[in-house]
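A short reminder: the numbers here are calculations on the coordinates, not readings from a lab. Computed from a predicted model, the values in this text were never measured in an experiment. Here Cβ is always computed from backbone atoms with ideal geometry, including for glycine, and neighbour counts include all displayed protein chains.
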Amino acid sequence: MAYLVTGATGFIGRHVVEELLRNRDGEVFILVRRGSLRRIEHLMHGWENSERVVPVVGDLTSPLLGVEEPWITEHRGAIDHVVHLAALYDMTASDERNEQLNVGGTRAALELAGQLGAGCFHHVSSVAVAGDHTGAYDETMFDDGQGLPSPYHRTKFESERIVREECTVPWRVYRPSIVVGHSETGEMDKVDGPYYFFPALKLMRDTLPQWVPLLGLDLGDTNVVPVDYVAKAMDHLMHVDGLDGHAFHLVNPDPQPAVEVLNTMAVAAKAPRFAVPLDRRATGLLPAVLGAGAQPRKLVDAVLRNPTAKVALRQTLGRLGIPPEVLAHTSFPSTFATRATEMALAGSGISCPPLETYAATLWDYWEQHLDTTTARDGRIRRALQGRTVVITGASSGIGRATALKVAQAGGVPLLVARGKDKLEKVRHEIEANGGVVHVYPCDLSDLEAIARLTEQIGNSQPRVDFVVNNAGRSIRRSLRLSQDRFHDFERTMQLNYFGAIKLVMGLLDVMKQHGRGHIVNVSSIGVQANPPRFSAYVASKSALDAWSRVVSSELVGEGVTFTTVHMPLVRTPMIAPTKIYDAFPTITPAQAADLIIKGMVDRPHEINTVLGTAGEVAHALAPKASFQVLNLAYRVFPDSAAARGVSAEGAEEKATQAQVVLARILKGVHW
């Protein structure tokens, strides 16, 4: 097999190429503009079997896609599949731009496929071809007299029409709905579709309690699918015999009310949710004429047609990153039938996963990679621009999120962790966005390795401005089950205390040279609240806190200062083995990274939560009462499966209602 793929550097395109390289044999030729050759080389670095990828220089806006005649002659009759993904997927783009790329590009791709005598032309269209069609719209339907309300709708319809009427080789059409990030990794490359609403969700999360209900509108049904489902389905459908001349809906088969999609993402963001007091069920009870006009979707459309209202929306919602054009296309009047697609996928194991199973993954990726709040904050940029930041535990979780934010603000993260491969992945992410980063693999429980590390950093870096002591080991085990496990206390002290102070002591002289060195120690709310079963972990963090307080006084006037962040419970790989935490209130790694960034910028002595401070006050004023409350938690929460010596996966039970209630009252404490 041989393939020619357009749009391979695009979001859907690169996932389709990955599927072809993983599942199929033969060369994969990818059309790429000359100016994008470096980008494709960067992508190929992360592709499996990338030696089978051959770039072909061309241009979507040129006849025959700008491919040179000698190449066409050489490969005539040898290309089995032309996969046309290159297009403009932007509701806010101009009519001229949509026409040039969507219609002109499709016509040029068809001409090239004809010249090559390709075995099949695979065209990625869109459910936008349904336009304002109301009701069921299945894979056999195309021109049903529907209106096409935007340049995007019109050009996607026209592109598919050209394929159906002018293609000189066999063809297949694929119509994805709104494509979001990867369901397993969350990977997404731009703000689009529901992502426009994420900054507003973040603002609500940071300013309002999660339990506050907000007024929402029933704006009809939308339809979102993860990119990995689209890529896998296309790869399968392309290679099933007997499907030429058919279209396939790559959509969620179940209608998704737009407000429910928004609420699903609000749950993932831990933001307030929207209540809809007036929905289609209520307006449906009105007389037909009144009911249609009273539907929120119709009212929004009417507002968006008003020039004055559009200006007002740009000054309100627009400031939150939500273009009025996007608001107009949050829902579909059509319901997309998928019977033919499901039949063609039968037996493949490929199906669209429910949004609630991967919403948290989408949110975490957006918050760490696409949220530009850090880059746009002038104070943060001034504090971190060009500064060198040593970050331990940087391969995942809080450390990784901190590294991404430091790089976004123009800082230079020095990534330290035991696993080199994971550190290289973080380096790849940062460099892909134009950042500067350095990798230093090191086992931070090995004091001799730390000595070599600090010497290496001192010799290779002109300065060290910040050290973030984030790497840590947590052990959740009661004293009753620790009698023959003294090594638990030794291991936590070795990494959380001895490793951390060994690193700081090794870098102190380098930091003193510039007189502005700052250390941020990631401690725990447990140091303040003293939760049961964490005696080994809390003791090691308490030791680091005490050491930092003592040496802070010794370093006054020498330009090196400390901040201790008493971190609440964070959703990281470190807490994943404790299954009851799945139902507990946690903050995201990006939120934790924001606290660390605050420590670097403002340089306070401590960063605490309200609950952590309350725990300290309670222990100071009423220690016996505090111990009674903690003993209640000790009895409510069991030891972990690992602590009990149970190794079977899933042996630990889910959280009980009593456990969840107590965890929510004492939000953020490790139980």
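Numerical summary
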{"item": "Surrounding net charge for S62, when Lys and Arg each add one and Asp and Glu each subtract one, Cβ distance under 11 Å", "result": "-2"}
{"item": "Of A233, L208, N252, farthest towards positive along the dipole that unit charges on Lys, Arg, Asp, Glu beta carbons give the range 200-257", "result": "L208"}
{"item": "Cβ-based charge dipole, the range 14-145, positive-most Cα from G135, L110, V57", "result": "V57"}
{"item": "Residue pairs, from the table K270/K420; K425/K541; K512/K598; K422/K502; K270/K624, whose Cα atoms sit over 25 Å apart", "result": "K270/K420; K425/K541; K270/K624"}
{"item": "L214-R339 pseudo-label distance in nm [points 7 Å out on the Cα-to-Cβ vector]", "result": "4.0"}
{"item": "Estimated D of the range 1-176 in µm² per second, where Rh is the Kirkwood radius over Cα pairs and Stokes-Einstein applies at 20 °C, 1.002 mPa s", "result": "129"}
{"item": "Simple Cβ-charge dipole of the range 1-176, Lys/Arg +1 and Asp/Glu -1, about Cα centre, in debye nearest 20", "result": "360"}
{"item": "Cβ-Cβ FRET estimate between E48 and K624, R0 fixed at 51 Å, reported to 0.05", "result": "0.25"}
{"item": "Normalised alpha carbon radius of gyration of the range 508-557 [divisor 2.2 N^0.38 Å]", "result": "1.42"}
{"item": "Listed peptides 214-220, 240-246 by packing density, highest first (mean Cβ within 10 Å)", "result": "214-220, 240-246"}
{"item": "As computed over the range 372-665, the Cα convex hull volume per residue (Å³)", "result": "141"}
{"item": "The range 372-665 - charge dipole about Cα centre, Lys and Arg +1 at Cβ, Asp and Glu -1, debye rounded to 20", "result": "460"}
